[in-house]
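Presented below is the structure to which this report refers.
The values are calculated or read from the model by the stated rules, or taken from the named source; none is laboratory data. Everything numeric in this text was worked out from a predicted model, so none of it was measured. Note: ideal-geometry Cβ built from the backbone for every residue, glycine included; neighbour counts use all protein chains shown.
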Amino acid sequence: MSESHPTLRAVTERIKQRSHKTRAHYLDTVQQAAQRSRQRPLSCGNLAHAVAAVPELDKLRIVEWTAGNIGIVTAYNDMLSAHQPFEKYPELIRQTARKAGGTAQVAGGVPAMCDGVTQGQPGMELSLFSRDVIAMAAGIALSHDVFDAAVFLGVCDKIVPGLVIAAATFGHLPCIFLPAGPMTSGISNDAKSKVRQLYVTGQVGRKELLDVEMQSYHSVGTCTFYGTANTNQMLMEFMGLQLPGSSFINPNTPLREALTVAGIQRALAMTRQSGSYKPVSEILSAEAFVNGMVGLNATGGSTNLVLHIVAMARAAGWLIRPEDFADLSRMTPLMARVYPNGSADVNHFHAAGGLQFVIRELLAAGLLHEDVETVAGRGLTHYAQEAFLNADGTVEWREGASVSHDHDILRPYHDAFQPSGGLERLQGNMGEAVIKVSAVKPEKRFVEAPARVFHDQQDVKKAFEAGELNQDCVCVVRFQGPKANGMPELHSLTPPLSVLQEKGFKVALVTDGRMSGASGKVPAAIHLSPEAADGGAIACIQDGDMIRLDADNGILEVLAPNFAQRSPVKADLSANDCGMGRELFQVFRQAVGTASNGAISLFNEGAVS
């Protein structure tokens with residue numbers, strides 16, 4: 001194992017220095033909660049309510065506090081393919097806990113929406129805010145204060161970040177995340193993308209499109225592309241919050257069940273009653289979050305995690321800024337090509353060596369912190385091990401792949417696909433933004449073209465259909481930030497912009513909104529901050545203004561001599577106020593912070609500036 005990279009050390013140290021006050025305050029609150037938990041101040045009436053519905057043996061164990069009681073927080077629903085397998089987890093967890101001498105109760109459920117269902121729809125405007133609702137709902141579940149550990153059942157986009165925020169808030173509890181795994185592979189991602197582009201140009205109809213989509217999303221488990229859901233799973237391993245090798249095992253398989261059993265055994269082994277107390281606050285170190293950012297860059301993960309890592313870290317008292325991502329990206333080689341950054345899916349990635357190979361390589365190169373606490377034990381080297389099923393149905397961890405089994409999907413750090421991870425910070429007279437270039441060809445990373453300004457993604461599609469965008473252009477889609485309309489993903493713009501790019505036009509997207517974790521080959525400057533609804537400079541752009549997007553040099557600017565003297569335009573945002581539940585989220589739009597600070601609505605913005 002090499003000495004750690006100087007950039008790794010420098011970024012970690014500046015996060016610690018920046019976060020001195022907030023982390024100290026966080027640890028103080030954790031210590032107070034731990035002290036209160038040790039005293040067990042519940043009255044007889046409190047306890048009677050807590051155990052009224054449980055079997056007699058469980059009731060006795062809980063009342064006497066002789067064994068660990070696990071609180072299960074579940075995001076189960078059977079509309080999400082990724083979360084449908086969680087239906088049967090609670091009973092397996094209860095049985096496993098009893099055999100180990102402990103107990104388990106479902107503490108509560110949290111909402112779990114599917115961004116794939118709501119893409120381009122009004123419901124997508126609730127998506128980002130659902131992260132904070134999930135954190136709050138999990139907080140309510142655990143507020144009963146009868147649990148010695150927490151187990152979180154969640155996989156997808158905003159769900160895992162929301163659950164991590166809750167876990168950090170209950171930092172005195174040992175916590176572990178139990179995934180459900182990806183669906184088996186369906187139609188290839190290249191074939192799916194081709195039909196999507198044919199559809200937007202009118203060359204195939206809705207029937208053909210629906211047929212291809214249903215061949216792609218066809219079974220239980222996460223969608224198999226490397227979007228936000230599967231990036232979440234990567235993050236949980238890099239940060240040591242779930243068991244090694246557990247991310248990409250398919251649902252309803254013997255190994256998947258064995259990993260769930262092993263996860264519960266580990267949760268009980270970390271409780272105070274076990275004698276090896278390990279609260280999650282010790283796992284959520286600055287080093288763990290830096291490791292997560294390195295993993296994001298090394299694997300070409302979703303840009304949504306740029307927002308979520310900032311928010312999760314803030315819950316644990318750490319202040320992370322866009323420049324931290326940018327510096328780590330420049331240090332980290334891109335070692336994986338998984339759709340949308342390649343043609344493979346996560347099942348192919350796992351078979352090629354997967355996360356265990358990536359972690360082994362990065363540790364060898366000194367690009368990760370090894371000396372960290374994890375749910376598997378101290379040291380990230382645990383996560384270079386792969387999970388295997390023994391003949392007796394238990395899990396055994398053995399050394400993972402030391403070589404890539406497919407160099408088109410996975411490569412060692414010294415022979416990476418590119419020397420940097422591809423997440424870049426853009427700055428200029430518009431503010432600051434983020435761009436992911438791991439799937440963008442080098443010759444497409446510089447665009448200088450006139451602006452076409454829109455206030456609604458549907459208007460972009462109409463202009464495309466009318467042939468108005470058949471030119472070099474930068475599509476500026478504004479009033480898409482968190483305060484304007486909840487910062488929806490604009491993934492539905494990818495097919496038309498891809499068509500324009502393939503016609504030979506220089507094209508880019510600039511927005512204060514988000515792109516999906518599945519965004520790819522079109523250069524997209526996203527999360528622009530300050531946003532238009534805050535009077536940001538993006539609200540001053542006019543049709544025809546020349547815009548320069550230079551991803552390689554981190555530049556995003558408007559080339560207009562009078563730009564600084566312009567006043568921002570206003571927009572009628574009343575249509576975002578109601579319908580599909582949006583009327584319930586006005587308080588979030590009013591309270592939310594900037595994208596640069598994770599679009600957080602749960603914490604004081606001034607504390608993270």
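Under 9 Å between Cβ atoms, which residue pairs at least 6 apart in sequence (or on different chains) link something in region 534-548 that is under 24 Å from Gln590 (Cα atoms) with a partner that is buried (at least 17 other Cβ atoms within 10 Å of the Cβ) and among the polar types (S, T, N, Q)?
Asp534/Thr594; Gly536/Ser529; Ile538/Thr511
Can you pull out every residue in region 192-214 that is surrounded by fewer than 16 Cβ atoms within 10 Å (Cβ to Cβ), at pLDDT 80 or above and closer than 28 Å to Ile409 by Cα?
Passing the criteria: Lys194, Asp211.
Which of the residues belonging to region 387-415 are of a type in the set (A, V, I, L, M, F, W, C) and either buried (at least 19 other Cβ atoms within 10 Å of the Cβ) or under 19 Å from Ile249 (Cα atoms) (or both)?
To start, the set of residues in region 387-415 that are of a type in the set (A, V, I, L, M, F, W, C) comprises 387-389, 391, 395, 397, 401, 403, 409-410.
Residues satisfying the conditions are Ala387, Phe388, Leu389, Ala391, Val395, Trp397, Ala401, Ile409, Leu410.
Would region 486-496 turn up any residue that is assigned to a strand (DSSP E or B) and in contact with a Ser or Thr (Cβ under 9 Å, 6 or more places away or on another chain)? So that I can check it myself, show each step before the final result.
First, pick out the residues of region 486-496 that are assigned to a strand (DSSP E or B): 489.
Of the ones still in play, those that are also in contact with a Ser or Thr (Cβ under 9 Å, 6 or more places away or on another chain) are 489.
The answer is yes; a qualifying residue exists.
Got a sec? Which of Gly120, Gly116, Gly102 is of a type in the set (Gly, Ala, Ser), touching a residue at least 12 places away in the same chain (Cβ under 8 Å) and closer than 23 Å to Gln265 by Cβ?
Working: Gly120 fails: closer than 23 Å to Gln265 by Cβ; Gly116 fails: closer than 23 Å to Gln265 by Cβ.
Answer to the check: Gly102.
Testing Val499 on (1) more than 29 Å from Val592 (Cβ to Cβ); (2) in a strand (DSSP E or B), one condition comes back false. Which one is that?
With (1) more than 29 Å from Val592 (Cβ to Cβ); (2) in a strand (DSSP E or B) applied to Val499, the lone miss is (2).
State whether one or more residues within region 18-27 are over 25 Å from Gly139 (Cβ atoms), modelled with pLDDT of 95 or more and assigned to a helix (DSSP H, G or I).
Narrowing region 18-27 to residues over 25 Å from Gly139 (Cβ atoms): 18, 20.
Those still in the list that are modelled with pLDDT of 95 or more too: 18, 20.
From what is left, the residues that are assigned to a helix (DSSP H, G or I) are 18, 20.
Yes: region 18-27 contains one or more residues that are over 25 Å from Gly139 (Cβ atoms), modelled with pLDDT of 95 or more and assigned to a helix (DSSP H, G or I).
Just one of Ala82, Ala52 is in contact with a strand residue (DSSP E or B) (Cβ under 9 Å, 6 or more places away or on another chain) and either farther than 19 Å from Met270 by Cβ or at pLDDT 95 or above (or both); which is it?
Details: Ala52 fails: in contact with a strand residue (DSSP E or B) (Cβ under 9 Å, 6 or more places away or on another chain).
Of the residues listed, the single one that is in contact with a strand residue (DSSP E or B) (Cβ under 9 Å, 6 or more places away or on another chain) and either farther than 19 Å from Met270 by Cβ or at pLDDT 95 or above (or both) is Ala82.
Is there any pair linking a residue in region 58-79 that is over 7 Å from Thr103 (Cβ atoms) to one that is among the basic types (Lys, Arg) and at pLDDT 90 or above, with Cβ under 8 Å and at least six apart or on different chains, and which?
Here the result reads Gly68/Arg272, each pair linking region 58-79 to a residue that is among the basic types (Lys, Arg) and at pLDDT 90 or above.
Is it true that Ile134 is part of a helix (DSSP H, G or I), over 11 Å from Gly162 (Cβ atoms), out of contact with any Asp or Glu (no Cβ under 8 Å at 6 or more places or on another chain) and hydrophobic (A, V, I, L, M, F, W, C)? Give the steps one after another, and end with the answer.
Numbers: part of a helix (DSSP H, G or I): yes; over 11 Å from Gly162 (Cβ atoms): no; out of contact with any Asp or Glu (no Cβ under 8 Å at 6 or more places or on another chain): yes; hydrophobic (A, V, I, L, M, F, W, C): yes.
Judged against the criteria, Ile134 is not a match.
Could you grab the pairs with beta carbons closer than 9 Å, sequence gap of 6+ or different chains, first residue in region 133-146 and at pLDDT below 95 and crowded, with 17+ Cβ neighbours inside 10 Å, second one part of a helix (DSSP H, G or I) and among the aliphatic types (A, V, I, L, M)?
The qualifying pairs are Val146/Leu47; Val146/Ala50; Val146/Val51; Val146/Ile62.
Just need a number here: residues in region 253-301 that are closer than 17 Å to Leu92 by Cα and either at pLDDT below 95 or among the β-branched types (Val, Ile, Thr) (or both).
Applying the first criterion (closer than 17 Å to Leu92 by Cα) to region 253-301 yields 253-268.
Next, only the ones that are either at pLDDT below 95 or among the β-branched types (Val, Ile, Thr) (or both) stay: 253, 260-261, 264.
The number of residues fulfilling the criteria is 4.
Based on this model, can you work out whether Ile70 counts as touching a Leu at 6+ places or on another chain (Cβ under 8 Å), at pLDDT 95 or above, surrounded by 13 or more Cβ atoms within 10 Å (Cβ to Cβ) and within 18 Å of Arg272 (Cβ to Cβ)? I'd like the intermediate steps shown before the answer.
On the way: touching a Leu at 6+ places or on another chain (Cβ under 8 Å): yes; at pLDDT 95 or above: yes; surrounded by 13 or more Cβ atoms within 10 Å (Cβ to Cβ): yes; within 18 Å of Arg272 (Cβ to Cβ): yes.
Considered against the rule, which asks whether it is touching a Leu at 6+ places or on another chain (Cβ under 8 Å), at pLDDT 95 or above, surrounded by 13 or more Cβ atoms within 10 Å (Cβ to Cβ) and within 18 Å of Arg272 (Cβ to Cβ), Ile70 comes out as yes.
Quick test of your reading of the structure: Ala525 fulfils all but one of (1) in contact (Cβ under 8 Å) with a residue 24 or more places away in the chain; (2) surrounded by fewer than 24 Cβ atoms within 10 Å (Cβ to Cβ). Name the failing condition by number.
Unmet for Ala525, out of (1) in contact (Cβ under 8 Å) with a residue 24 or more places away in the chain; (2) surrounded by fewer than 24 Cβ atoms within 10 Å (Cβ to Cβ): (2).
Taking the stated definitions as given, is Ser246 closer than 26 Å to Ala315 by Cβ and at pLDDT 95 or above? Give the derivation first.
Numbers: closer than 26 Å to Ala315 by Cβ: yes; at pLDDT 95 or above: yes.
So Ser246 fits the description; yes.
Pairs under 9 Å by beta carbon, first residue within 15 Å of Glu125 (Cβ to Cβ) and outside the structural domain of Gly123 (by TED's automatic domain parsing) in region 559-582, partner hydroxyl-bearing (Ser, Thr, Tyr) and assigned to a helix (DSSP H, G or I), six or more apart or different chains?
Met580/Thr118
Condition first: of a type in the set (Gly, Ala, Ser) and crowded, with 22+ Cβ neighbours inside 10 Å. Now tell me which residues in region 482-517 satisfy that.
If the condition is that a residue be of a type in the set (Gly, Ala, Ser) and crowded, with 22+ Cβ neighbours inside 10 Å, then Ala484, Gly486, Ala508, Gly513, Ser516, Gly517 are the ones that fit.
If you take the residues of region 521-550 that are of a type in the set (D, E, K, R) and in contact with a strand residue (DSSP E or B) (Cβ under 8 Å, 6 or more places away or on another chain), which of them is nearest to Phe325 (Cα to Cα)? Spell out the reasoning first.
Initial filter on region 521-550 (of a type in the set (D, E, K, R)): 521, 531, 534, 543, 545, 548, 550.
Next, from what is left, pick out any that are in contact with a strand residue (DSSP E or B) (Cβ under 8 Å, 6 or more places away or on another chain): 543, 545, 548, 550.
Details: Asp543: 32, Asp545: 30, Arg548: 22, Asp550: 18 Å.
Among residues in region 521-550 that are of a type in the set (D, E, K, R) and in contact with a strand residue (DSSP E or B) (Cβ under 8 Å, 6 or more places away or on another chain), the one nearest to Phe325 (Cα to Cα) is Asp550.
So, restricting to strands (runs of 3 or more DSSP E) that lie completely within region 513-609, which ones have at least 3 residues that are over 22 Å from the mean Cα position of the chain (by Cα) and more than 30 Å from Ala166 (Cβ to Cβ)? Don't jump to the end; show me each part of the working.
Numbers: elements: 524-529, 546-550, 555-558.
Of the strands (runs of 3 or more DSSP E) lying wholly inside region 513-609, those with at least 3 residues that are over 22 Å from the mean Cα position of the chain (by Cα) and more than 30 Å from Ala166 (Cβ to Cβ) span 546-550, 555-558.
Residues checked against (1) part of a strand (DSSP E or B); (2) touching a Pro at 6+ places or on another chain (Cβ under 6 Å); (3) in contact (Cβ under 8 Å) with a residue 24 or more places away in the chain; (4) not acidic (Asp, Glu):
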site: Gln427; (1), (2), (3), (4): yes, no, yes, yes
site: Asp459; (1), (2), (3), (4): no, no, no, no
site: Ala463; (1), (2), (3), (4): no, no, no, yes
site: Glu468; (1), (2), (3), (4): no, no, no, no
site: Gln471; (1), (2), (3), (4): no, no, yes, yes
site: Gly504; (1), (2), (3), (4): no, no, no, yes
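Does Leu243 count as part of a helix (DSSP H, G or I), in contact (Cβ under 8 Å) with a residue 12 or more places away in the chain and crowded, with 24+ Cβ neighbours inside 10 Å?
Numbers: part of a helix (DSSP H, G or I): no; in contact (Cβ under 8 Å) with a residue 12 or more places away in the chain: yes; crowded, with 24+ Cβ neighbours inside 10 Å: yes.
Spelling it out, it is not the case that Leu243 is part of a helix (DSSP H, G or I), in contact (Cβ under 8 Å) with a residue 12 or more places away in the chain and crowded, with 24+ Cβ neighbours inside 10 Å.
Test Arg314 against the stated conditions and say whether it is of a type in the set (D, E, K, R), touching a strand residue (DSSP E or B) at 6+ places or on another chain (Cβ under 9 Å) and not in a loop (DSSP other than H, G, I, E, B). So that I can check it myself, show each step before the final result.
Details: of a type in the set (D, E, K, R): yes; touching a strand residue (DSSP E or B) at 6+ places or on another chain (Cβ under 9 Å): no; not in a loop (DSSP other than H, G, I, E, B): yes.
Here the answer is no, as Arg314 does not meet what is asked.
Name the one entry in Arg566, Arg548, Arg589 that is charged (D, E, K, R) and closer than 16 Å to Pro488 by Cβ.
On the way: Arg566 fails: closer than 16 Å to Pro488 by Cβ; Arg548 fails: closer than 16 Å to Pro488 by Cβ.
Going through Arg566, Arg548, Arg589 in turn, the sole match is Arg589.
Of everything in region 264-285 that's surrounded by fewer than 24 Cβ atoms within 10 Å (Cβ to Cβ) and among the small types (Gly, Ala, Ser), which residue is farthest from Thr103 (Cα to Cα)?
Ser285
For residues that are of a type in the set (D, E, K, R) and in contact with a helix residue (DSSP H, G or I) (Cβ under 8 Å, 6 or more places away or on another chain), scanning just region 95-119, find the one that is surrounded by the most Cβ atoms within 10 Å (Cβ to Cβ). First the steps, then the outcome.
Going residue by residue through region 95-119, those that are of a type in the set (D, E, K, R) are 98-99, 115.
If we keep only those that are in contact with a helix residue (DSSP H, G or I) (Cβ under 8 Å, 6 or more places away or on another chain) as well, we get 98, 115.
Values: Arg98: 16, Asp115: 26.
In this case the residue turns out to be Asp115.
Say we look at region 331-380 and pick out the residues that are at pLDDT 95 or above, part of a loop (DSSP other than H, G, I, E, B) and of a type in the set (S, T, N, Q); which of these is farthest from Leu235 (Cα to Cα)?
Thr332
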